[in-house]
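Some notes on the structure that comes next.
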Amino acid sequence: MFKAVDTLEISKENHIIEQLHKLGFYKTNGLSYKELVHKLAVEKSGRE
């Protein structure tokens with residue numbers, strides 16, 4: 001059974017993945033939350 005904390009973590013991770021997909025980055029399988037956040041920051045900085 002999922003706890004509220006687990007659901008929140010999954011939701012946060014999915015949100016980051018959705019943002020990466022909108023920026024055209026699709027290699028998200030197997031990445032940790034920290035890695036996903038880092039990739040999002042790199043992708044966003046490259047767009048400016």
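Laboratory data are not the source of any read-out in this text; all were calculated from the coordinates shown. Small disclaimer: the values here were computed from a predicted structure and weren't measured. All Cβ positions, even for glycine, are placed from backbone atoms using ideal geometry, and neighbour counts span all protein chains on display.
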Filter result for Glu9 (surrounded by 11 or more Cβ atoms within 10 Å (Cβ to Cβ), in contact (Cβ under 8 Å) with a residue 12 or more places away in the chain and not aliphatic (A, V, I, L, M)): yes
Give the range 12-48 a look and list any residue that's loosely packed, with under 10 Cβ neighbours inside 10 Å, in a helix (DSSP H, G or I) and either of a type in the set (D, E, K, R) or under 11 Å from the mean Cα position of the chain (by Cα) (or both), or say none. Lys22, Lys34, Arg47
